[in-house]
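The values are calculated or read from the model by the stated rules, or taken from the named source; none is laboratory data. Just so it is clear, the model here is predicted, and its values are computed rather than measured. All Cβ positions, glycine included, derive from the backbone under ideal geometry; neighbour counts span all protein chains shown.
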Amino acid sequence: MVRDLEPPSKSARHFVTVAPLDQLPEGGSLLVQKDGHDIALFRVQGKVYAMSDLCPHMGDSLSAGQLWDGAIICPRHMWAFRLNDGVCEDVPTLRASLYEVRVVDGAIQVALPPNPSPSTADTEDSGNCDGGN
């Protein structure tokens, strides 16, 4: 089962600075931790994306993956998660949780939900790509 973060209402959004933009190179990734959230940042064609660092399939670090064609490739099973909507290209019912992101005066800011959410990974129901390995 995939649990998505409930989108915060406009009034409930709370943006926090997580890193200077110059720490995130073009075509690169950066893992940041803020208020109990592990957040993977990506910069592609000048745009910054933010998603939960935990792969919703098996919980590996998405920031350790490789960027390819608008997606991050999880290093464990090579599944691709689109940066713009979090959907897994290999298993479209699986989705990585995204954070709203903005850049203000050279600082990357993400909107955090009111409380840290549980992991979106539920390995019992998330499927298996290689017979359990």
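List the number of the failed condition for V44; all other conditions in (1) of a type in the set (V, I, T); (2) closer than 27 Å to Q23 by Cα; (3) modelled with pLDDT under 95 hold.
So V44 meets the others, but not (3).
Is one or more of the residues making up region 107-119 farther than 14 Å from H14 by Cα and at pLDDT 95 or above?
The answer is yes; a qualifying residue exists.
Just to check your reading of the model, which residue among V16, V87 is free of Cβ contacts under 8 Å to residues at least 24 places away in the same chain and closer than 24 Å to P113 by Cα?
Answer to the selection: V87.
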